[in-house]
Amino acid sequence: MQRKTKIWIIAVVGLLAFGGLLSLFEDKPDKAEAEPKTTTTPAKPAEKPSEAASKPSGIPSPDTTQTAALIRALRTVEPGLVAKEDRAVSRSRDVCSDIKGGKDDATVQKNARARFEGGTVPSLTDDQAAQIVTAVRSSFCS
């Protein structure tokens, strides 16, 4: 009787150890995946850039002619500014928001520099930042 009990105990301990070993190789879900989502609104399909630009947001958006003028002006400041034209227009709209928001010229230029620096344009001078603001004002944000 004593021997059978020891065998059963060894078998149970062995199974528990084997299960523990297998659990080390189990994929555990990320915390974000494990938590249930609480939103009840259905997901919207991705908007096309033209649809997003046509929605009123309070920030002026350049039309086709104004966009072409803006891109030309930004390209003369630094060609890398318009490597992605949609991004350049979006950043220009943010500059326009600063202008329309009544921020002083130094702040508008500082923010424009921060928005356009990086990636294809690692650094901009103060003069280039001023030229960006001028390009935004003269093309669509008057």
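The values are calculated or read from the model by the stated rules, or taken from the named source; none is laboratory data. None of these values were measured; they are calculated from a predicted model. Every residue, glycine among them, receives a Cβ derived from its backbone with ideal geometry; neighbour counts consider all protein chains shown.
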Determine whether Val95 is part of a helix (DSSP H, G or I), in contact with a Pro (Cβ under 7 Å, 6 or more places away or on another chain) and touching a residue at least 12 places away in the same chain (Cβ under 8 Å). no
Every pair of residues 6+ apart whose Cβ atoms lie under 7 Å, when the first sits in segment 69-84 and is over 12 Å from Phe116 (Cα atoms) and crowded, with 20+ Cβ neighbours inside 10 Å while the second is aromatic (Phe, Trp, Tyr) and modelled with pLDDT of 95 or more: Leu70/Phe140
Tell me yes or no: at least one residue of segment 125-139 is part of a loop (DSSP other than H, G, I, E, B) and not β-branched (Val, Ile, Thr). no
Which of the numbered conditions does Ala52 fail, given that it passes all the others? Conditions: (1) over 25 Å from the mean Cα position of the chain (by Cα); (2) modelled with pLDDT under 95; (3) in a helix (DSSP H, G or I). (1)
Would you mind stating whether Leu24 is at pLDDT 55 or above, over 14 Å from Phe140 (Cα atoms) and in contact with a Phe, Trp or Tyr (Cβ under 6 Å, 6 or more places away or on another chain)? no
Condition first: in a helix (DSSP H, G or I) and aliphatic (A, V, I, L, M). Now tell me which residues in segment 82-92 satisfy that. Val82, Ala88, Val89
